[in-house]
Amino acid sequence: MTERSLPRGNILMASGIFLIIFGILAIFSPVATGGLVVKIVALVLLVTGVLRLVQAIRSQRKIDTIMSSILGVVIVGLGVLVWFNPELGSRFLTILLTIFFLVHGLWKISSAFQYRNYSAWGWMLLSGILSLALAWSMWRQWPLSGEWAIGILVGLDLLVTGFATILLALAIKKVRSVGTVDTINL
């Protein structure tokens, strides 16, 4: 990896700080965080469904109109269902978050190996392993894990990812000041 291809250290540092702040907030109010996440998902579904219906109205081809209308109605219906039945929404979201933590963990592990010339790469690896552990934990407790589990697990993931991002930013800043991409100890 060349010095030019490294991300900006200040952006990574700010991102890490924000992730830590949001992670702490999520951990200290897990039910509120879980409920908020469910409501945000419901809103996203509603907006997506309405946009799909608008697309159906604007479509020139009959098959596109029919397919977009059906999809729009299904998505709006799902959004309304999740909004008014948050328990069902949290169960559905628990499955989605389990998949997210699995994929995100694998991505962080592969990213860690890209930065293995820096000593901070181990923190990103640890963050990826934690994400995989969170995925396993959520899968094991489903469907009993509810809004509180979503809030705590999302908060933990944000917190660990924030710390890993800050350590990576510090290592990159050190590389930029030294001017070489050898192994940097942090």
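The values are calculated or read from the model by the stated rules, or taken from the named source; none is laboratory data. What you see is a predicted model, and the numbers here were worked out from it, not measured in a lab. Quick reminder, even Gly has a Cβ in these numbers, built from the backbone with ideal geometry, and neighbours come from all protein chains shown.
For Ser29, indicate whether it is touching a helix residue (DSSP H, G or I) at 6+ places or on another chain (Cβ under 6 Å), polar (S, T, N, Q) and over 18 Å from Leu81 (Cβ atoms).
Numbers: touching a helix residue (DSSP H, G or I) at 6+ places or on another chain (Cβ under 6 Å): no; polar (S, T, N, Q): yes; over 18 Å from Leu81 (Cβ atoms): yes.
Spelling it out, it is not the case that Ser29 is touching a helix residue (DSSP H, G or I) at 6+ places or on another chain (Cβ under 6 Å), polar (S, T, N, Q) and over 18 Å from Leu81 (Cβ atoms).
I'm checking my understanding of the structure. Among residues of the range 110-162 that are under 15 Å from Phe92 (Cα atoms) and in contact with a Pro (Cβ under 6 Å, 6 or more places away or on another chain), which one is modelled with the highest pLDDT?
Among residues in the range 110-162 that are under 15 Å from Phe92 (Cα atoms) and in contact with a Pro (Cβ under 6 Å, 6 or more places away or on another chain), the one modelled with the highest pLDDT is Gly151.
Is it true that Thr2 is of a type in the set (Ser, Thr, Tyr), modelled with pLDDT under 80 and not in a helix (DSSP H, G or I)? Step through it out loud before you land on a result.
Values: of a type in the set (Ser, Thr, Tyr): yes; modelled with pLDDT under 80: yes; not in a helix (DSSP H, G or I): yes.
In short, yes.
Within the range 8-20, is there a residue that is basic (Lys, Arg) and surrounded by fewer than 16 Cβ atoms within 10 Å (Cβ to Cβ)? Spell out how you get there, then give the answer.
Our first condition is that a residue be basic (Lys, Arg); within the range 8-20, this holds for 8.
Cutting the leftovers down to surrounded by fewer than 16 Cβ atoms within 10 Å (Cβ to Cβ) gives us 8.
Yes, the range 8-20 has at least one match.
Any residue that is under 17 Å from Pro30 (Cβ atoms) and polar (S, T, N, Q) - is there at least one of those in the range 107-117? Explain how you work it out, then say what you get.
Restricting attention to the range 107-117, the residues satisfying the condition of being under 17 Å from Pro30 (Cβ atoms) are none.
Scanning the range 107-117, I find no residue that is under 17 Å from Pro30 (Cβ atoms) and polar (S, T, N, Q), so the answer is no.
Taking the condition of a type outside the set (Lys, Arg), in a helix (DSSP H, G or I) and without any contact (Cβ under 8 Å) to a residue 12 or more places away in the chain, does Ile63 pass? Explain how you work it out, then say what you get.
On the way: of a type outside the set (Lys, Arg): yes; in a helix (DSSP H, G or I): yes; without any contact (Cβ under 8 Å) to a residue 12 or more places away in the chain: yes.
Taking the combined requirement at face value, the residue satisfies it.
Can you confirm whether the range 95-111 contains a residue that is among the hydrophobic types (A, V, I, L, M, F, W, C) and farther than 30 Å from Ala169 by Cβ?
The initial filter retains those residues of the range 95-111 that are among the hydrophobic types (A, V, I, L, M, F, W, C), namely 95-97, 99-103, 106-107, 109.
In the following step, the residues that additionally are farther than 30 Å from Ala169 by Cβ were identified as 95.
Yes; the residues of the range 95-111 include at least one that is among the hydrophobic types (A, V, I, L, M, F, W, C) and farther than 30 Å from Ala169 by Cβ.
Being hydrophobic (A, V, I, L, M, F, W, C), within 21 Å of the chain's Cα centre (by Cα), surrounded by 14 or more Cβ atoms within 10 Å (Cβ to Cβ) and assigned to a helix (DSSP H, G or I) is true for just one of Ile99, Ile27. Which residue is that?
Working: Ile99 fails: surrounded by 14 or more Cβ atoms within 10 Å (Cβ to Cβ).
Step by step, each of Ile99, Ile27 is checked, and only Ile27 is hydrophobic (A, V, I, L, M, F, W, C), within 21 Å of the chain's Cα centre (by Cα), surrounded by 14 or more Cβ atoms within 10 Å (Cβ to Cβ) and assigned to a helix (DSSP H, G or I).
From Ile57, Ile27, grab the single residue that is over 14 Å from Ala149 (Cα atoms) and out of contact with any strand residue (DSSP E or B) (no Cβ under 8 Å at 6 or more places or on another chain).
Ile57
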